[in-house]
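Notes follow the structure.
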Amino acid sequence: MNILFVAAEAVPFIKVGGLGDVAGTLPKYLKKRGHDVRILLPRYGGIDGHRFGLTPLPGPLGVPMGSSGTFWCEILEGRVPGTDIPVYFLERRDLFGREGVYNDPRGEGYRDNALRFLFLSRGALEAARRISFSPQVIHVHDWHTAAVPVYLDALYRGDPLLKQSATVLTIHNLEHQGIHPRALMDIIGTGREYFHSGDLEFHNQVNLLKGGIIHADAVSTVSPTYAREIVNPETGCRLDGVLRTHARDLTGILNGVDYDEWNPETDPWIVSRYGPDDLSGKRRNKEDLQKSLGLPAEDGTPLVGMVTRLVHQKGMDIVASVIHRLLDLGIRIVLLGSGDPWAHDFFRRLAGERPDRFACRLGYDPALAHKIIAGCDLFLMPSRFEPCGLTQMFALRYGTLPVVRAVGGLNDTVENFDGETLGGTGFKFYDLTGDAVVNTLSWALSVFRENREAATALIKRAMALRFSWEDAAGRYEELYRRAVKKKRP
Ligand code: ADP
């Protein structure tokens, strides 16, 4: 199959979250299955053209932007490093030549995000024509590229290269929908007939994700539990009805893990490599981590880690509300994250108040993420919702037992400890309350302190689990075939 990925981010070029992992990694596994996969991205200011060997294609590309006229840009071409997968970048400095992907340095979304990502969506189709690539499937991701299926239906039905292209939309996070004032319809340029309750209109505004859900030939999300959650009013972010109607066979496909990067037996970031049969290396990593963060470097006290965006979704307010109760359980906590200003203030202050019990680094630090995931005993993720979540899967591979709220992908990847059979791979709680966090962590600690046999069995089982991209790619391939069939019955 010819497959075109259109996304706002993809590793290793640019990454903000899990979406970037999927858009950069899945194509490699589809390629191994024999598909001609290509990726289209914006050329952000932070993407180093020299490092990735980007070269311009001849001639400018004109992208029609409705009432705003034609936007001209350049197409740069490169390859996913280590592969021959072509990657095309739309280069337009006034839209993308900035440091941030979605937000300015203060964490505010850029005011022209609607324009930026409509340009990306329409530009992807124009670029496909320019390079004469006729995709059987165009795979788009989240609201940023959800306009692609709308454009195809509205404006490319007669296009010889694109009229047969089926579209697949993957929702990585339903919370972000691309809701903008109705005047955006003029720039979209499909005509006002697309602005009604059965299409892009949403409470008298434009909702790009809604349009994508309605026009895509198949819709997926990134875990089976999240797929079930988002069709319910409580967790459907006001699009549950649209999903129930227009995405009846909504599929949840778990993301895979890149085990070349996340493998405690080969990890270059950690001081001591280890496998399930000899965990002494894990203890050395714990000592190193504690030392490097200024905590007492002893082994007897359980160490709990968190690596996360510090935002509402991740439940950090709940952690903050019970942090002293948690520390009084006789543990130490290390936190790496960045996000909301209140959280930076709160955790920075806490590190000053309880320096023997709590340490944090506020920022983005991939090397430290590896050290924390390797060096801790337990890994805490009290998410409000979690479409898939990668860090708990990393933690499992490193034998760092996850303590998670049983939502979305956390529910699908962590198996609760069973005191009778001694089965499981971690500890789950259900209520979004401070008490649930404290009680579940206490439970995990009691297993750790009083039942070493069970704890060791849990660690070994966790380390043996694999979430493979091979499996995920196979499932996406099935989804693509379904979408193609729907497009051309
Ligand atoms: P989300 O996409 O919602 O942020 P995921 O768990 O799916 O959550 O993916 C988060 C990814 O970002 C993981 O690879 C994680 O290791 C990484 N990450 C998050 N915060 C940081 C940080 N402060 N420093 C380094 N890596 C981080």
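The values are calculated or read from the model by the stated rules, or taken from the named source; none is laboratory data. Treat the numbers as computed from the prediction; the structure is a model and nothing was measured. Cβ: placed from backbone, ideal geometry, glycine included. Neighbour counts: every protein chain shown. We work out accessible area using only protein heavy atoms, side chains counted, and drop any ligands, DNA or RNA first. Shrake-Rupley method; radii C 1.70, N 1.55, O 1.52, S 1.80 Å.
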Margin query: Can you pull out every residue in region 151-161 that is in contact with a Phe, Trp or Tyr (Cβ under 8 Å, 6 or more places away or on another chain) and either over 30 Å from residue 231 (Cβ atoms) or buried (at least 24 other Cβ atoms within 10 Å of the Cβ) (or both)?
Written below: 161
Note to self: What's the total number of residues in region 3-14 that are within 21 Å of residue 167 (Cβ to Cβ) and either out of contact with any helix residue (DSSP H, G or I) (no Cβ under 7 Å at 6 or more places or on another chain) or surrounded by fewer than 20 Cβ atoms within 10 Å (Cβ to Cβ) (or both)?
What the structure shows: 0
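Would you call residue 88 open to solvent by less than 30 Å² (accessible area, probe 1.4 Å) and in a loop (DSSP other than H, G, I, E, B)? Explain how you work it out, then say what you get.
On the way: open to solvent by less than 30 Å² (accessible area, probe 1.4 Å): yes; in a loop (DSSP other than H, G, I, E, B): no.
Spelling it out, it is not the case that residue 88 is open to solvent by less than 30 Å² (accessible area, probe 1.4 Å) and in a loop (DSSP other than H, G, I, E, B).
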Next item on the list: Given the conditions (1) within 16 Å of the ligand (Cβ to nearest atom); (2) more than 28 Å from residue 263 (Cβ to Cβ); (3) of a type outside the set (A, V, I, L, M), report the number of the one that residue 434 does not fulfil.
Entry: (1)
Item checked: Which numbered condition residue 348 fails, given (1) closer than 24 Å to residue 268 by Cβ; (2) open to solvent by 60 Å² or more (accessible area, probe 1.4 Å); (3) not β-branched (Val, Ile, Thr) -> (1)
Next item on the list: Scan region 408-427 and report the pairs whose first residue is among the small types (Gly, Ala, Ser) and whose second residue is assigned to a strand (DSSP E or B), with Cβ atoms within less than 6 Å and a gap of 6+ or a chain change.
Entry: 424/416; 424/418; 426/401; 426/402
Notebook entry, point to check: How many residues, within region 313-340, are surrounded by 17 or more Cβ atoms within 10 Å (Cβ to Cβ) and in a helix (DSSP H, G or I)?
Noted result: 9
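Search region 178-193 for residues being within 23 Å of residue 137 (Cβ to Cβ) and in a loop (DSSP other than H, G, I, E, B), and hand back the single one that is nearest to the chain's Cα centre (by Cα).
To start, the set of residues in region 178-193 that are within 23 Å of residue 137 (Cβ to Cβ) comprises 178, 188, 190.
From the residues that got through so far, the ones that are in a loop (DSSP other than H, G, I, E, B) too are 178, 190.
Details: 178: 17, 190: 30 Å.
The residue in question is 178.
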Notebook entry, point to check: What residue, of 353, 415, is over 12 Å from residue 462 (Cβ atoms) and in the same structural domain as residue 321 (by TED's automatic domain parsing)?
Noted result: 353
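For (1) within 30 Å of residue 476 (Cβ to Cβ); (2) surrounded by 19 or more Cβ atoms within 10 Å (Cβ to Cβ); (3) not aliphatic (A, V, I, L, M), each residue gets a yes or a no:
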site	(1), (2), (3)
164	yes, no, yes
167	yes, yes, yes
170	yes, yes, yes
179	yes, no, no
183	no, no, no
191	no, no, yes
197	no, no, yes
202	yes, yes, yes
206	yes, yes, no
Note to self: Among the residues in region 158-173, are any among the hydroxyl-bearing types (Ser, Thr, Tyr) and in a helix (DSSP H, G or I)?
What the structure shows: no
Check: Any idea which of (1) open to solvent by 10 Å² or more (accessible area, probe 1.4 Å); (2) within 12 Å of the ligand (Cβ to nearest atom); (3) farther than 24 Å from residue 270 by Cβ is the one residue 343 doesn't satisfy?
Finding: (1)
Checklist line | Where a residue in region 312-338 is touching a residue at least 40 places away in the same chain (Cβ under 8 Å) and its partner, wherever it lies, is of a type in the set (S, T, N, Q) and assigned to a strand (DSSP E or B), with Cβ under 6 Å and at least six apart | finding: 314/308
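I'm trying to understand the selection: among the residues of region 201-249, which are basic (Lys, Arg), closer than 25 Å to residue 182 by Cα and assigned to a helix (DSSP H, G or I)? It would help to see each step written out before you state the result.
Quick first cut of region 201-249, residues basic (Lys, Arg) only: 210, 228, 238, 244, 248.
Next, only the ones that are closer than 25 Å to residue 182 by Cα stay: 210, 238, 244.
Those that are basic (Lys, Arg), closer than 25 Å to residue 182 by Cα and assigned to a helix (DSSP H, G or I): 210, 244.
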Check: Would you say residue 288 is within 30 Å of residue 168 (Cα to Cα) and not in a strand (DSSP E or B)?
Finding: no
Next item on the list: Filter region 417-439 for residues that are assigned to a helix (DSSP H, G or I) and in contact with a Lys or Arg (Cβ under 7 Å, 6 or more places away or on another chain) and give the result.
Entry: 438
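Of all residues in region 462-489, count the ones that are assigned to a helix (DSSP H, G or I), farther than 30 Å from residue 427 by Cβ and open to solvent by 10 Å² or more (accessible area, probe 1.4 Å). Steps first, please.
Keep residues of region 462-489 that are assigned to a helix (DSSP H, G or I), which gives 462-464, 469-487.
Pick out the ones that are also farther than 30 Å from residue 427 by Cβ and you get 473-474, 476-487.
Of the ones still in play, those that are also open to solvent by 10 Å² or more (accessible area, probe 1.4 Å) are 474, 477-478, 481-482, 484-487.
Residues meeting the conditions: 9.
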Check: Within region 15-52, how many residues turn out to be in contact (Cβ under 8 Å) with a residue 24 or more places away in the chain, within 13 Å of the ligand (Cβ to nearest atom) and buried (at least 18 other Cβ atoms within 10 Å of the Cβ)?
Finding: 7
